Amino acid sequence: MKFFIDTANLAQIKEAQELGVLDGVTTNPSLMAKEGITGKENILKHYVDICNIVDGDVSAEVISTDFDEMVKEGEELAALHEQIVVKLPMIKDGVKACKYFSDKGIRTNVTLVFSPGQALLAAKAGATYVSPFIGRLDDISTDGLNLIAEIRHIYDNYAFDTQILAASVRHTMHVIDCAKLGADVMTGGLASIEGLLKHPLTDSGLAKFLEDYKKGN
Ligand code: G3P
């Protein structure tokens, strides 16, 4: 299972990278704005800064909704760095753009996916990654994890190569449940990754080991 961090915060990306378990980064316009990164030039530079920190794929989202504009914007993003994956919204022109990019060998991440049918379309269009937003489904009293299970089932039926990138992951149990269900990737905040470290028996066990070591030395 790949671990992506879902942020545009360079300090958090560095921290996750230093832990040695980071496989990539996902961003979106809201995450960029949260870090105060605005204006096209600043945003493009920020993508390159992120690529220079991590070794893996970095999703950069288009803000166009029209096919021709998406293609132009996506090509510009892809040319920024070899690690860039073009992130496209699950709309009609986004599906067309996904097919266009996959035919050209440019990696894609189809985002804002909330149903198995949308995930099926993304796979048919050759998406590298599909991003079902599990937290946002939970927010409206729907079972986000069930969507991961449904997509896994469908993709396995036909051996689609598209990787299921569980997105809108909010906490460590989402990560664990996505791993059980066979999501290929999860993307969440630093807390959802570092939270996996924690167990009170680890802390008390270590404290006892260190205490006993001191007794004998
Ligand atoms: O990866 C998608 C993500 O950025 C959305 O997360 O927490 O805003 O639903 P959230």
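At-a-glance table
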| read-out | value |
| --- | --- |
| Residue satisfying condition, being out of contact with any helix residue (DSSP H, G or I) (no Cβ under 6 Å at 6 or more places or on another chain) and over 20 Å from residue 163 (Cα atoms), within set 128, 142, 111 | 142 |
| Any hit, the stretch 13-21, residues being within 15 Å of the ligand (Cβ to nearest atom), closer than 22 Å to residue 195 by Cβ and surrounded by fewer than 21 Cβ atoms within 10 Å (Cβ to Cβ) | no |
| Looking only at the stretch 35-55, and only at residues there that are hydrophobic (A, V, I, L, M, F, W, C) and closer than 13 Å to residue 11 by Cα, the one that is surrounded by the fewest Cβ atoms within 10 Å (Cβ to Cβ) | 53 |
| Any pair with Cβ under 7 angstrom, 6 or more apart, that starts in the stretch 152-180 at a residue that is closer than 13 Å to residue 192 by Cα and of a type in the set (S, T, N, Q) and ends at one that is assigned to a helix (DSSP H, G or I) and at pLDDT 95 or above | 168/134; 168/135; 168/136; 172/192; 172/195; 172/196 |
| Candidate set from the stretch 153-169 (those that are assigned to a loop (DSSP other than H, G, I, E, B) and surrounded by 18 or more Cβ atoms within 10 Å (Cβ to Cβ)); member that is farthest from the ligand (Cβ to nearest atom) | 160 |
| Flag if residue 73 is over 23 Å from residue 161 (Cα atoms), more than 15 Å from the ligand (Cβ to nearest atom) and not basic (Lys, Arg) | yes |
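The values are calculated or read from the model by the stated rules, or taken from the named source; none is laboratory data. Since the model is a prediction, treat every value here as computed from it, not as a measurement. When we count neighbours, we look across all protein chains shown, and the Cβ atoms used for this are built from the backbone with ideal geometry, even at glycine.
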